[in-house]
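K.L.:
Below is a structure I'd like to ask you about.
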Amino acid sequence: VAHGDFVCDDRRVKELKNKVMVITGAASGIGRALAQRAATLGMRVVLSDIDGARLSQAVAEVEALGAEALGVVTDTGALADVVALADQAYARFGAVHVLVNNAGIAVSGAAWTLPMEAWERSLRINLHGVMYGVHTFVARMVAAGEPGHVVNVASAAGLITVPGFAAYSASKFGVVGLSESLHHDLKLRKLPIGVSLLCPSWVQTRIASDGQAPTAEHDPIDAMIEASVKRAVDQGITAEQVAEAVFAAIEADQFYILTHEDTRKAVAVRSEDILSGRQPSLALIERRPSLPPK
Ligand SMILES: NC(=O)c1ccc[n+]([C@@H]2O[C@H](COP(=O)([O-])OP(=O)(O)OC[C@H]3O[C@@H](n4cnc5c(N)ncnc54)[C@H](O)[C@@H]3O)[C@@H](O)[C@H]2O)c1
């Protein structure tokens, strides 16, 4: 079969005004910026987060922009919570058009010293959370038959690897594979739901300060990696810049969203590592933040 056989010509959510967007991890960083941008576009927004206090504040900010908003405290790493989130979203707004599986945490430490609890938390929140979101919401979105869009938030660390991030990379590589396969599943059936995969590099958010598990043996290399990640995040692009790129991708039905030019180069190096049979190149942790050329 030719590739073109599966191209469905009208899979886009055309007009975002009044459409319903559900965002997980919406109380901070990228999720919060997405919620605010959705509000300014006249969307109705369902914000969910595990942190109830910050969530109330984020909901108030979105309402202050004139949007209808619903806040639902959710642990995306628990299927029952994600089902309850969907129930509340559909009960309040009757539809969901755009789902953003954004909630995530970063854990770091050498693969063999990282506590099993941190490994499992990373996979539960970063990977199972996306799996629960897809399982719960996409089934209802497909049944509704309306155009929709799913944005899964992975990371540059889902396409390339850095030292100290085995548990994080395992979860984010999982999100990349899941999302590419989801895209094929929807496209093969000509369903009107698009998929985008956000793979940011450093963004100024709380990611490097929240949810960090203390490593069992704090060796100097772990400490050096942690410090450089904190610095890189502090010097990263803003969450608002990322939100802008995400909405442009939704409107264009663009799959890969790479926010940093450096990521493109590192993906090329990694592909060459694989194809030439050499060992994985060590990507630099600290890169000067740079936006891709327009
Ligand atoms: N900031 C970066 O440099 C960067 C880079 C690549 C990818 N990402 C990804 O972007 C996403 C958003 O992160 P951010 O940078 O905005 O960080 P952030 O810490 O500012 O925001 C993440 C939000 O998710 C919430 N959260 C954490 N665990 C949760 C759970 N179990 N259920 C529901 N909510 C939960 C937190 O309370 C927080 O409000 C994550 O998936 C992260 O891995 C961030």
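The numbers here are math on the coordinates, done by the rules we state, and not lab data. Just so you know, these numbers come straight off a predicted model, no measurement behind them. Counting neighbours? That spans all protein chains shown, and the Cβs are built from the backbone with ideal geometry, glycine included.
K.L.:
Report, by chain and number, residues whose modeled amide H sits under 5 Å from the one on Ser108, excluding near sequence neighbours (fewer than 5 apart, same chain).
P.N.:
Amide H to amide H, under 5 Å and 5 or more residues apart or across chains, Ser108 pairs with Ala213.
K.L.:
Treating cross-link reach as a plain straight distance, find the lysines whose alpha-carbon is under 26 Å from the alpha-carbon of Lys19, omitting any fewer than eight places away in the same chain.
P.N.:
Lys187, Lys190
K.L.:
On a full-extension model of 0.36 nm per residue, what is the gain between Lys230 and Ala248, subtracting their alpha-carbon distance, rounded to one decimal in nm?
P.N.:
3.7 nm
K.L.:
Along Cα→Cβ, 7 Å out, is where each label goes; now give me the distance between the ones at Leu65 and Thr238 in nm to one decimal.
P.N.:
My value for the distance between the label points is 1.3 nm.
K.L.:
For the residue pair Gln57 and Ala91, what label-to-label distance in nm results when each label sits 7 Å from Cα along the Cα-to-beta-carbon direction?
P.N.:
2.8
K.L.:
Computed FRET efficiency, Cβ-Cβ of Ala144 and Ser281, R0 45 Å: what is it to the nearest 0.05?
P.N.:
My answer for the efficiency is 0.50.
K.L.:
Got a sec? How would Thr205, Thr113, Thr76 order by Cβ neighbour count within 10 Å, fewest to most?
P.N.:
Thr113, Thr205, Thr76
K.L.:
Would you work out the charge dipole size for the chain about its Cα centre, treating the Cβ of every Lys and Arg as +1 and the Cβ of every Asp and Glu as -1, and quote it to the nearest 20 debye? Kindly include the intermediate steps, with their values, before the conclusion.
P.N.:
Values: 27 positive and 32 negative charges, 117 e Å.
Dipole size: approximately 560 debye.
K.L.:
With a Förster radius of 30 Å, plug the Cβ-Cβ distance of Val83 and Ala111 into 1/(1 + (r/R0)^6) and report the FRET value to the nearest 0.05.
P.N.:
Given R0 = 30 Å and the Cβ-Cβ separation, E is 0.35.
K.L.:
Let me ask something else about it. Could you please rank Trp202, Trp119, placing first whichever residue has the fewest other Cβ atoms within 10 Å of its Cβ?
P.N.:
Listed from fewest to most nearby Cβ atoms, that is Trp119, Trp202.
K.L.:
Check which residues have an amide H placed less than 5 Å from Leu16's amide H, if you skip close sequence neighbours.
P.N.:
none
K.L.:
What is the calculated FRET efficiency for Val269 to Arg189, with r their C-beta to C-beta distance and R₀ = 45 Å, to the nearest 0.05?
P.N.:
0.80
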